[in-house]
Amino acid sequence: MLAALCLSLGLPAHAGADAQVAQEALPQQDAPGLTLALPSYEEAQQADAARPGGAPSGPRVEAARAAEEAREAAEAEAALVREANARERATLASETGRIAAEREAQMAQYREQQRAHDEALTAYAAQVAAAEAARKRWQADVAACQAGDYSRCGAAPTPAPR
């Protein structure tokens with residue numbers, strides 16, 4: 001409505017035209033009985049909004065619309081960040097579980113290797129003890145044989161076949 005009035009009077013009409021400036025630009029009529037009643041800026045915006053297809057415009061409305069769009073964009077970005085964080089947490093939990101399972105498997109393998117090593121050391125110690133006992137018996141038999149107890153002497157080696 002205000003824009004149409006400005007255009008009819010040859011004034012520049014833009015979204016930021018102030019109602020006060022438009023009213024001051026109108027020529028004042030001193031004729032009796034002729035009065036021009038112009039709506040206030042807010043009333044003009046309400047009238048524009050009430051018209052079908054008419055949306056409020058002006059610097060305040062544009063600023064509010066821009067602020068709303070910025071808020072919606074910030075909310076959308078925050079939602080994307082929350083989704084990305086949730087995916088990252090899920091991936092991290094999965095990786096942590098996988099690493100823990102691998103570590104447990106490695107520890108089980110290490111314990112098995114350690115047990116096998118301990119068994120091998122025990123078997124080796126038993127072999128060393130048996131060999132030491134056999135050597136002591138042999139030394140005692142040699143000493144007894146040299147002392148004259150021929151029952152403890154070993155059998156004479158048989159010659160190898162030719």
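The values are calculated or read from the model by the stated rules, or taken from the named source; none is laboratory data. Remember, predicted model here, so these are calculated numbers, not experimental data. Every residue, glycine among them, receives a Cβ derived from its backbone with ideal geometry; neighbour counts consider all protein chains shown. SASA here: full protein model, heavy atoms, side chains in, ligands and nucleic acids out. Shrake-Rupley method; radii C 1.70, N 1.55, O 1.52, S 1.80 Å.
Couple of notes before you dig in:
- Residue match in segment 41-50 (condition: assigned to a helix (DSSP H, G or I), over 30 Å from Arg152 (Cβ atoms), small (Gly, Ala, Ser) and open to solvent by 60 Å² or more (accessible area, probe 1.4 Å)): yes
- Against the test of being modelled with pLDDT of 95 or more, of a type in the set (Gly, Ala, Ser) and out of contact with any Ser or Thr (no Cβ under 9 Å at 6 or more places or on another chain), the options Ala160, Ala147, Ala105, Ala155 yield a single qualifying residue, Ala105.
- Arg71 vs. criteria of a type in the set (Lys, Arg), surrounded by 10 or more Cβ atoms within 10 Å (Cβ to Cβ) and over 41 Å from the mean Cα position of the chain (by Cα): no
- Being of a type in the set (A, V, I, L, M) and surrounded by 10 or more Cβ atoms within 10 Å (Cβ to Cβ) is a property that Ala84 has.
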